[in-house]
């Protein structure tokens, strides 16, 4: 089977995807379990504090605690968005799937699939599959939170706890197009980083982002440009964010599928 070209074969791609999921299912489950544990611990602690403080505030004002947002406040919405963005960033750094050491890189290169198919698999994994699993993880957490504070933990406001709509909390009060473009841009940055640095890609990409930010801010100060200029451009103009994301994906594809780069990284430890 000729796999040295970039010809896409759907049956071969499906076979490669099944192989990767079969071999890495334990790692995927461990990552999702860790994410669920972190979300659950921080979420229950935050909600308990909110419920107690909101009930005390309602008692002080002598009004119904339902007048306050016990489950759909700004803090909770930002918390849900933060975890979702963090998950998207984390999974973006896994786009160069299973290539963090020499043995894994050789096994990946010897897999009976073209470089294009391997890249598409990684792209689908971090842009579609893992975000959907993150939604599922958040929904599992929400079920745990609801049962815990409604039926298990006796708090003054247990009777007022309601089931939250996780997708609505993510997009509520935000410009959905800009939010999705922002996720696309952040994800593409870490996808590119994972293709450049196979080992510890998340931390190296974060360092690179901070270095670029420092250079841009320093240059702005030197030339007399307001430090808010770059922030306004990147947050108010959606086309800039989208363009950066597209360029990052093109560069990531070029780096990942380039034969000489793949051959070069084999020789590293």
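Readers should treat all values here as calculations from the given coordinates under stated rules, not as data from a laboratory. Owing to the predicted nature of the structure, the values given are computational and were not obtained by experimental measurement. Positions of Cβ are generated from backbone atoms using ideal geometry, with glycine treated the same way; all protein chains shown enter the neighbour counts.
The table below gives the values:
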| quantity | calculated |
| --- | --- |
| FRET efficiency, residue 146 to residue 38 (Cβ-Cβ, R0 22 Å, nearest 0.05) | 0.75 |
| Estimated FRET transfer efficiency when R0 is 45 angstrom, pair residue 219-residue 46 (beta carbons, to 0.05) | 0.70 |
| Pair residue 159, residue 28: separation of 7 Å Cα→Cβ label points (nm) | 4.5 |
| Full-stretch length increase - residue 246, residue 19 - with 0.36 nm per residue and alpha-carbon distance subtracted | 78.8 nm |
